[in-house]
Amino acid sequence: MYFESLEAAIAMDGHGGFVWAAYGICVLVLFLILLAPRRRQKKILRRLAGEQKRQQGSPITVEEGK
Amino acid sequence: MWSFFHKLGSPPWLYRIAGSILRWLLPITLLMLCVGLVWGLLFTAPDFRQGNSYRIIYIHVPAAVVALAGYYVMAIAGGVSLIWKMKMADVAMRACAPIGAALTFIALVTGAIWGKPTWGTWWVWDARITSMLILLFLYLGVVALYEAYDNKEAASKACAVLTLVGTVNIPIIYKSVDWWYSLHQPASIKFTGESSIDPSMLYPLLLMIAAFYALFTCCLLMNMRADILQREARTNWVRKLALEYRA
């Protein structure tokens, strides 16, 4: 590691706030764009599965609905 | 060759193949990102003039490079969807827009944060920065335009036209640092001639650029998969998939 201590790595000679903020925002945004499609995909599949179950209209689900 | 193109137009094939690519590409991408981030953040020596603030280069440059490259993908997909009416090209075009917007956003924000300690200001209406801001609006415009139409076929066509018109902005972004007097520094890495960057800084940067390319590809494939499911919701293969998901 280039820095001698954890404190030095956080401070980065006064530039720490800028550098860590930039990296933090970057990681956050990347995280969001990686998770968004997965969530959307699961939502669609869940909705479709639910629709099919309703169409089949098994008596158990009707009773559960009451 | 032609059968390959034929397959590309087939939603179930594309959905499956994208899934199997993601299975190995996604872990590799995450690994490269982690290694690159830690390397750039903690293991490289500081720049002799800019000190530690230069470390932002490891996210700023890759994000900007891939934001531009993503626009090519979007424009080509838009052109194909407009000319040959290929549905999957339209899916690819729209899948690019949110990722491109996110990457452009990262480039602009990290640029602003980098600008403060280096230039003494968060923002200047500089040619490079302004043209990147236009790129962000182009990406967001494609997303918004598609949502604005109820007729999705007309929406796709409008998005493709906007994408193609927006291509004008790309050479402007590339050349902005040469054409106008600018605070923004010119490119450090050149394919021809000597790069003005030390190898110890170049390698982590190249790794991060590769990681961002891989990330773009992953997000593109994931967005396309979700979009294909929505589009093909009434088909048998998607219904079967949904049942398997429940089980």
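What residue, among those in the range B:94-106 that are more than 7 Å from chain A (Cβ to nearest Cβ) and under 11 Å from the mean Cα position of the chain (by Cα), is nearest to B:V124 (Cα to Cα)?
Applying the filter and picking the extreme gives B:T104.
For the range B:214-247, which residues satisfy the criterion of being aliphatic (A, V, I, L, M), more than 7 Å from chain A (Cβ to nearest Cβ) and within 23 Å of the chain's Cα centre (by Cα)?
If the condition is that a residue be aliphatic (A, V, I, L, M), more than 7 Å from chain A (Cβ to nearest Cβ) and within 23 Å of the chain's Cα centre (by Cα), then B:A214, B:L220, B:L221, B:M224, B:I228 are the ones that fit.
Name, by its number, the condition in (1) in contact (Cβ under 8 Å) with a residue 40 or more places away in the chain; (2) of a type in the set (A, V, I, L, M, F, W, C); (3) touching a Phe, Trp or Tyr at 6+ places or on another chain (Cβ under 8 Å) that does not hold for B:L41.
(1)
Quick check: is even one residue across the range A:36-45 touching a Cys at 6+ places or on another chain (Cβ under 9 Å) and in a helix (DSSP H, G or I)?
Yes, because at least one residue in the range A:36-45 is touching a Cys at 6+ places or on another chain (Cβ under 9 Å) and in a helix (DSSP H, G or I).
Just to confirm my filter: which helices (runs of 4 or more DSSP H) fall fully inside the range B:77-177 and include at least 1 residues that are touching a strand residue (DSSP E or B) at 6+ places or on another chain (Cβ under 9 Å)?
So the answer is B:87-119.
Taking the options B:A69, B:A95, B:A89, B:A101, name whichever one is hydrophobic (A, V, I, L, M, F, W, C) and buried (at least 24 other Cβ atoms within 10 Å of the Cβ).
B:A95
Give the residues of the range A:1-15 that are more than 7 Å from chain B (Cβ to nearest Cβ), assigned to a helix (DSSP H, G or I) and within 21 Å of B:S200 (Cα to Cα), sorted by residue number.
The one that is more than 7 Å from chain B (Cβ to nearest Cβ), assigned to a helix (DSSP H, G or I) and within 21 Å of B:S200 (Cα to Cα): A:A8.
Criterion first (at pLDDT 75 or above, among the small types (G, A, S) and farther than 21 Å from B:V73 by Cβ) does B:S200 satisfy it?
Against the criterion (at pLDDT 75 or above, among the small types (G, A, S) and farther than 21 Å from B:V73 by Cβ), B:S200 qualifies.
In this structure, does B:A211 turn out to be surrounded by 15 or more Cβ atoms within 10 Å (Cβ to Cβ) and more than 9 Å from chain A (Cβ to nearest Cβ)?
yes
Quick check: is even one residue across the range B:32-45 crowded, with 16+ Cβ neighbours inside 10 Å, within 14 Å of another protein chain (Cβ to nearest Cβ) and not in a helix (DSSP H, G or I)?
The answer is yes, given that some residue of the range B:32-45 is crowded, with 16+ Cβ neighbours inside 10 Å, within 14 Å of another protein chain (Cβ to nearest Cβ) and not in a helix (DSSP H, G or I).
Kindly indicate whether B:K152 is touching a residue at least 60 places away in the same chain (Cβ under 8 Å) and in the same structural domain as B:A101 (by TED's automatic domain parsing).
No, not satisfied.
Determine which single condition B:W123 fails, assuming it passes every other condition in (1) surrounded by fewer than 19 Cβ atoms within 10 Å (Cβ to Cβ); (2) in contact (Cβ under 8 Å) with a residue 12 or more places away in the chain; (3) more than 21 Å from B:N223 (Cβ to Cβ); (4) in contact with a Gly (Cβ under 9 Å, 6 or more places away or on another chain).
(2)
Conditions (1) outside the structural domain of B:K152 (by TED's automatic domain parsing); (2) under 30 Å from B:D227 (Cα atoms); (3) touching a residue at least 24 places away in the same chain (Cβ under 8 Å), marked per residue:
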residue: B:I21; (1), (2), (3): yes, yes, yes
residue: B:C34; (1), (2), (3): yes, yes, no
residue: B:H60; (1), (2), (3): no, yes, yes
residue: B:M74; (1), (2), (3): no, yes, yes
residue: B:S81; (1), (2), (3): no, yes, yes
residue: B:M86; (1), (2), (3): no, yes, yes
residue: B:T104; (1), (2), (3): no, yes, yes
residue: B:W119; (1), (2), (3): no, no, yes
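Can you confirm whether B:V109 is assigned by TED's automatic domain parsing to the domain that holds B:A95, under 17 Å from the mean Cα position of the chain (by Cα) and surrounded by 14 or more Cβ atoms within 10 Å (Cβ to Cβ)?
Answer is yes for this residue.
The values are calculated or read from the model by the stated rules, or taken from the named source; none is laboratory data. Nothing here was measured: the structure is a model prediction, and the numbers come from that model. Here the Cβ is made from the backbone with ideal geometry for all residues, glycine too, and neighbour counts use every protein chain on show.
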